[in-house]
1. Can you confirm whether region 156-169 contains a residue that is within 22 Å of residue 54 (Cα to Cα) and surrounded by fewer than 16 Cβ atoms within 10 Å (Cβ to Cβ)?
2. State whether one or more residues within region 165-183 are part of a strand (DSSP E or B) and farther than 30 Å from residue 43 by Cβ.
3. For the subset of region 55-67 comprising residues that are modelled with pLDDT of 95 or more and loosely packed, with under 13 Cβ neighbours inside 10 Å, which member is farthest from residue 29 (Cα to Cα)?
4. Within region 182-198, work out how many residues are buried (at least 19 other Cβ atoms within 10 Å of the Cβ), modelled with pLDDT under 95 and touching a strand residue (DSSP E or B) at 6+ places or on another chain (Cβ under 9 Å).
5. Would you call residue 129 touching a strand residue (DSSP E or B) at 6+ places or on another chain (Cβ under 7 Å) and more than 20 Å from residue 98 (Cα to Cα)?
6. Quick check on region 144-153. Is at least one of its residues under 27 Å from residue 42 (Cα atoms), in contact (Cβ under 8 Å) with a residue 24 or more places away in the chain and crowded, with 19+ Cβ neighbours inside 10 Å?
7. So is residue 187 in contact with a helix residue (DSSP H, G or I) (Cβ under 9 Å, 6 or more places away or on another chain) and more than 26 Å from residue 83 (Cα to Cα) or not?
8. Residue by residue through region 138-180, note down the ones that are under 12 Å from residue 122 (Cβ atoms) and at pLDDT below 95.
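The values are calculated or read from the model by the stated rules, or taken from the named source; none is laboratory data. Predicted model only: the values in this text are computed from it and were never measured. All Cβ positions, glycine included, derive from the backbone under ideal geometry; neighbour counts span all protein chains shown.
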């Protein structure tokens, strides 16, 4: 006859875990609230899968407000040209006209910005020669350092072009499912609100980005 498996250890831990979770969540939310109100951060919730797998739908993130010098590799909050605010056709935001096949929008539109905020990664800066092949970026001939990105099947390859002075080019990490700089062109500094510095929810993915 085999002895019954002990269950006491497991049952004791569960209430403790629930108690710790109930304790940690309010403290975390209070800390986030303090950071937002006092230290100069702004909170956002991810509404779409354009930054997968780096950020998931429903993730809650913090953007640092104030002075910021954009750098390649940063994840940022930005505003596209106002012409794409209705999301009907992102390519309508390209000031130079809808891009031809295998070409990205290369012409900046420094006019009014859309109210909606986007979360994207800066992949190239002023004067950089940018190319995209099968969803993978090269800048000045050097492959990007971001790894583990999903396979890209839509508008994944375009001819190279030089990013204009005073502008930055952004893409979603999920390049097969992202409305981004390919369709509305490089962005000036005024279109970039600031860098995303942390994810505070869910707890199992708490940390920097």
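1. Yes, region 156-169 contains a residue that is within 22 Å of residue 54 (Cα to Cα) and surrounded by fewer than 16 Cβ atoms within 10 Å (Cβ to Cβ).
2. no
3. Per the stated criteria, the residue is 57.
4. The total comes to 3.
5. Yes.
6. Yes; the residues of region 144-153 include at least one that is under 27 Å from residue 42 (Cα atoms), in contact (Cβ under 8 Å) with a residue 24 or more places away in the chain and crowded, with 19+ Cβ neighbours inside 10 Å.
7. In short, no.
8. Once the filter is applied, which keeps residues that are under 12 Å from residue 122 (Cβ atoms) and at pLDDT below 95, region 138-180 yields 144, 146, 180.
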